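**Q** Got a structure for you, written out below as structure tokens; questions coming shortly.
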Amino acid sequence: MKLIDGKMISGMIKDEVKEQVEKLKQQGKEVTLAVILVGNDPASSVYVGNKKKACEYTGIRSESYELPEDTTQEKLLALVEELNGRDDVNGILVQLPLPAHIDEKTVIDTISPDKDVDCFHPQSVGRMCIGEKGFLPCTPAGIIELLKRSDVEITGKHCVIIGRSNIVGKPMAMLMLRENATVTICHSKTKDLKEVCKSADILIVAIGKPKMIDSSYVKEGAVVIDVGIHRLEGKKLCGDVDFEDVKEVAGAITPVPGGVGPMTIAMLMKNCVSGVR
Ligand code: GUN
């Protein structure tokens, strides 16, 4: 079994971004990411803190907007519009989830597709689906990098994705298709989930249930990518995959933590640089 080291690979990508940021600085171009957080969801605060740290590491300037929970939608939209109009801002990220009184879709639709480093805007998603140039969705693009930099062949392989979210499952399917995989998307209504998973050469798990996938779902030698992250009682982190059990049959596997998680932020940094014109 080979361990796919997301911490190491994300470090390589951040170092590459750092070099690009330096080069752009020599041309008089500064890279700036605006990060907006509404309210004080503890998990969101941690994610936003990690994004700011990655900006510091890579030399990207980050502008942080931490707004109170009762911020009106109008006020948030006005801030997004203002950032859309600023030539010195290359990327805009609104941390999700937003408080219930704010309509997420309206906010996402307001972000300029040219600054949509999360690749959540319908126009960004459309461009990605038809293979046009543009931002790539961070977590799925990070998984492609993990596979490529771990020398996992994708062409012609059967890739099974569990989960059909707009952030992971659906864009993941599109990117794997672009890499010439044969793709199956499974979800909560899928019949014979275990049998489908057992036919996967590459199994990507984004269900949101701690340790749901054990070795009985995995073909001998398959590559297993775990997108889940959960905090168990006693504070230990785990994924959607039962790592200790699955590592006995998998050919390669990502750990949690240190697998997919750090890749998402590294790819966000990459998008920030690619947004500079
Ligand atoms: N909430 C959970 N994941 C993400 C992400 O990748 N981007 C944003 N903006 N919010 C999130």
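Just so you know, all these numbers are worked out from the coordinates, no wet-lab data involved. Given the structure is predicted, the values throughout are model-derived calculations rather than measurements. Here the Cβ is made from the backbone with ideal geometry for all residues, glycine too, and neighbour counts use every protein chain on show.
**Q** Count the net charge of all other residues whose Cβ sits under 12 Å from the Cβ of GLN95, scoring Lys and Arg as +1 and Asp and Glu as -1. It would help to have the intermediate numbers written out before the result.
**A** Working: positive: LYS51, LYS52; negative: ASP41, GLU66, GLU104, ASP118.
With Lys, Arg at +1 and Asp, Glu at -1, the neighbours total -2.
**Q** Holding the Cα-Cα limit at 18 Å, pick out from LYS18/LYS170; LYS53/LYS211; LYS2/LYS270; LYS18/LYS52 the pairs that are longer than that.
**A** Numbers: LYS18/LYS170 30 Å; LYS53/LYS211 29 Å; LYS2/LYS270 26 Å; LYS18/LYS52 14 Å.
Violating the 18 Å Cα-Cα cut-off are LYS18/LYS170; LYS53/LYS211; LYS2/LYS270.
**Q** Please list, by residue number, every one of the GluC sites (Glu not before Pro) in segment 195-259 that is coil in DSSP and has at most 15 other beta-carbon atoms within 10 Å. Before the final figure, lay out the partial values.
**A** Working: sites: GLU195, GLU220, GLU233, GLU244, GLU248; in loops: GLU220, GLU233, GLU248.
Passing sites in segment 195-259 are GLU220, GLU233, GLU248.
**Q** For segment 92-249, what is the charge dipole size about the Cα centre, in debye to the nearest 20, if Lys and Arg each add +1 at the Cβ and Asp and Glu each add -1 at the Cβ?
**A** Working: 21 positive and 23 negative charges, 38 e Å.
Roughly 180 debye, rounded to the nearest 20.
**Q** Quick one: dipole size for the chain, taken about the Cα centre, charges +1 on Lys/Arg Cβ and -1 on Asp/Glu Cβ, in debye to the nearest 20. Write out the running numbers ahead of the final one.
**A** Values: 36 positive and 40 negative charges, 103 e Å.
I would put it at about 500 debye.
**Q** Here's another thing I want to ask about it. Please give me the summed charge of the neighbours of ILE13: other residues whose Cβ is under 14 Å from its Cβ, Lys and Arg +1, Asp and Glu -1. Don't skip to the end; give the middle numbers.
**A** Working: positive: LYS7, LYS14, LYS18, LYS148, ARG149, LYS270; negative: ASP5, ASP15, GLU16, GLU19, GLU145.
Every neighbour counted, the sum reads +1.
**Q** From the cross-link list LYS7/LYS148; LYS209/LYS236; LYS7/LYS157; LYS7/LYS198, which pairs have alpha carbons spaced over 18 Å apart?
**A** From the list (LYS7/LYS148; LYS209/LYS236; LYS7/LYS157; LYS7/LYS198), the Cα-Cα distance tops 18 Å for LYS7/LYS157; LYS7/LYS198.
**Q** Another question, if that's okay. Select from VAL260, SER215, THR155 the residue farthest towards the positive end of the dipole of the chain; place +1 on Cβ of Lys and Arg, -1 on Cβ of Asp and Glu, and compute about the Cα centre.
**A** Value computed over the given set: THR155.
**Q** Working only with C-alpha atoms, what are the Rg and Dmax values of the chain, expressed in angstrom?
**A** Using the Cα atoms of the chain, the pair Rg, Dmax is 18.8, 57 Å.
**Q** Okay, next question. What residue among ILE265, ILE167, ILE130 has the largest mean-square fluctuation in a Gaussian network model of the chain, using Cα springs under 10 Å?
**A** Result for the chain, Cα springs under 10 Å: ILE130 fluctuates most.
**Q** Working from Cα positions, state the angle (0 to 90°, nearest 10) between the long axis of helix 169-178 and the longest principal axis of the chain.
**A** 80 degrees
**Q** Helix 6-26: angle to the longest alpha-carbon principal axis of the chain, degrees 0 to 90, nearest 10?
**A** On a 0 to 90 degree scale, this one is about 30.
**Q** Once both axes come from the Cα atoms, what is the angle between helix 138-149 and the longest principal axis of the chain, in degrees from 0 to 90, rounded to 10?
**A** 50 degrees
**Q** Let me ask another. Could you pull the Cα extents of segment 175-219 along its three principal axes, largest to smallest, in whole Å?
**A** Principal-axis extents of segment 175-219 (Cα, largest first): 29, 21, 19 Å.
**Q** Sticking with this one: Quick check on the chain: helices-only [θ] at 222 nm, where DSSP H runs of length 4 and up contribute -39,500 (n - 2.57) each and the sum goes over total residues. Nearest 500, please.
**A** Details: 10 runs with 112 residues, N = 277.
Rounded to the nearest 500, the figure is -12500 deg cm²/dmol.
**Q** Another question about this same structure. What residues of segment 49-65 lie in the reach of a label at ASP88, counting those whose backbone N is under 18 Å from a point 7 Å from the Cα along Cα→Cβ?
**A** 56, 59-65
**Q** What's the whole-number percent of alpha carbon pairs in segment 214-277 lying beyond 13 angstrom? Intermediate results must be reported in sequence, preceding the final value.
**A** Details: 1324 of 2016 pairs.
For segment 214-277, the share of Cα pairs beyond 13 Å comes to 66 percent.
**Q** Along the charge dipole of segment 32-90, Cβ charges K/R +1 and D/E -1, which of GLY59, SER45, VAL35 sits furthest on the positive end?
**A** Result: GLY59, furthest along the dipole toward the positive end.
**Q** Now for a different question. Can you list the lysines whose alpha carbon is less than 17 Å from that of LYS75, not counting same-chain residues fewer than 8 positions off?
**A** Within the straight-line cut-off, LYS75 pairs with LYS105.
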